[in-house]
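Presented below is the structure to which this report refers.
Laboratory data are not the source of any read-out in this text; all were calculated from the coordinates shown. What you see is a predicted model, and the numbers here were worked out from it, not measured in a lab. We place every Cβ from the backbone using ideal geometry, glycine too, and count neighbours over all the protein chains shown.
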Amino acid sequence: MTAEAPQALEGAPLIRPSTTDHPLYESVVEACRSVFDPEIPVNIFDLGLIYTIDISDESDVGIIMTLTAPGCPVAGEMPTWVSDAVETVAGVRAVQVDMTFDPQWGMDMMSDEARLELGFM
């Protein structure tokens, strides 16, 4: 008997939605935009590396992010950079940054601004 890989629930998003209606959301996004991928001259938010920003009623921030490639030389450091940037936002109580590679990052996840800056538009 072989084990089958777990299946995503049909219709369930691969990336959990962010808490965009929280008053701290825009400030947290701006903090994420202050972090840059060292190999690409674009901030990690516009690159599409931030998948989810979840902010609780108590102002605890949970971030799920990825990297452009699993072998990225700053894989161990990037979550700390993000956490350090978001912790400076007034009103944020605590920050937890988790890394995922599911779904894998693709160039289609970049914002139009990032595509323009990198010459893809």
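Per the listing T88, T100, the residue uniquely over 22 Å from P41 (Cβ atoms), over 14 Å from the mean Cα position of the chain (by Cα) and in contact (Cβ under 8 Å) with a residue 24 or more places away in the chain is T88. Checking the conditions here, which among T19, T68 is in a loop (DSSP other than H, G, I, E, B), of a type in the set (S, T, N, Q) and out of contact with any Ser or Thr (no Cβ under 9 Å at 6 or more places or on another chain)? Just a single option satisfies the conditions, and that option is T68. For V61, the test of being surrounded by 20 or more Cβ atoms within 10 Å (Cβ to Cβ), farther than 24 Å from E113 by Cα and not basic (K, R) is passed.
So how many residues does the range 18-43 have that are aliphatic (A, V, I, L, M), over 15 Å from V89 (Cβ atoms) and in contact with a helix residue (DSSP H, G or I) (Cβ under 6 Å, 6 or more places away or on another chain)?
The qualifying residues number 1.
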